Amino acid sequence: MVTNEIYIQQTPDVIYAYLEKELCKAFSCQPGQLLGKKITHTQKIYGKSIEMDQEVTERVRGESLAFVSVYGQDSLVVRYQILADEEGWSRVILTESADSTNKFKSLNYKLFSLPVLRNVGKKKLYRKLTALKLSLEKE
């Protein structure tokens, strides 16, 4: 599991609404239909077309959103948690947790969650959080 966080000068409700809107676009549904919504789509990874199933697994208004992506033997859980901080600021915590039914891949995911190798994943999450922050500042 890899976690990173960023502070954004917005209320938790504004950040949550933005994330919810983006998930609704991706899942082609209304906010009330989001929890438990499933989609299947094809994505190219390393030049191969891979069928991926995704499902929204958590929706706590103004606080958190999570979804799981399953492709082959692998699964990835992505969770956004939004916490109110100082006046007008919020802390957004992004967590990604990967697993596999394949023992070798499962060990590989665990290896990359060790402190020494975790920095690569933390940088990736920080880029995602920075993109979120920039998108919110544009609006």
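The values are calculated or read from the model by the stated rules, or taken from the named source; none is laboratory data. These numbers were taken from a predicted model, which means no experiment stands behind them. Positions of Cβ are backbone-derived with ideal geometry, glycine not excepted, and every protein chain shown enters the neighbour counts.
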- Query: Taking the stretch 12-45, which residues are surrounded by 14 or more Cβ atoms within 10 Å (Cβ to Cβ), out of contact with any helix residue (DSSP H, G or I) (no Cβ under 9 Å at 6 or more places or on another chain) and among the charged types (D, E, K, R)?
  - Reply: Asp13
- Collect the residues in the stretch 1-28 that are closer than 12 Å to Leu132 by Cβ and in contact (Cβ under 8 Å) with a residue 40 or more places away in the chain, keeping them in residue-number order. Asn4, Glu5, Ile6, Tyr7, Ile8, Gln10, Val14, Ile15, Tyr16, Tyr18, Leu19
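Please work out which residue is farthest from Val70 (Cα to Cα), limiting yourself to the stretch 95-139 and to residues that are basic (Lys, Arg) and more than 16 Å from the chain's Cα centre (by Cα).
Residues of the stretch 95-139 that are basic (Lys, Arg), as a first pass: 103, 105, 110, 118, 122-124, 127-128, 133, 138.
Subset that is more than 16 Å from the chain's Cα centre (by Cα): 103, 105, 110, 118, 138.
Values: Lys103: 16, Lys105: 14, Lys110: 17, Arg118: 22, Lys138: 32 Å.
Only one residue tops the list, namely Lys138.
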- Pairs with Cβ under 8 Å, 6+ apart, first in the stretch 114-134 and farther than 30 Å from Ala17 by Cβ, second at pLDDT below 85 and surrounded by fewer than 17 Cβ atoms within 10 Å (Cβ to Cβ): Leu117/Leu111; Arg118/Phe112; Val120/Phe112
- Message: Being assigned to a strand (DSSP E or B) and either farther than 18 Å from Ile6 by Cβ or of a type in the set (Gly, Ala, Ser) (or both) is the filter here; which residues of the stretch 71-106 pass it?
- Response: Tyr71, Asp74, Ser75, Leu76, Val77, Ala84, Ser90, Ser97, Ala98, Asp99, Ser100
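Could you count how many residues in the stretch 14-55 are among the charged types (D, E, K, R) and modelled with pLDDT under 95? Full working, then the answer.
Of the stretch 14-55, the ones among the charged types (D, E, K, R) are 20-22, 25, 37-38, 44, 48, 51, 53, 55.
From what's left, modelled with pLDDT under 95: 44, 48, 51.
Result for the stretch 14-55: 3.
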- Message: Every residue in the stretch 15-57 that is under 17 Å from the mean Cα position of the chain (by Cα), under 27 Å from Lys138 (Cβ atoms) and among the hydrophobic types (A, V, I, L, M, F, W, C), please.
- Response: Ile15, Ala17, Leu19, Leu23, Cys24, Ala26, Phe27, Leu34, Ile39, Val56
- Query: How many of the residues making up the stretch 46-70 are touching a residue at least 24 places away in the same chain (Cβ under 8 Å) and either surrounded by fewer than 16 Cβ atoms within 10 Å (Cβ to Cβ) or part of a loop (DSSP other than H, G, I, E, B) (or both)?
  - Reply: 3
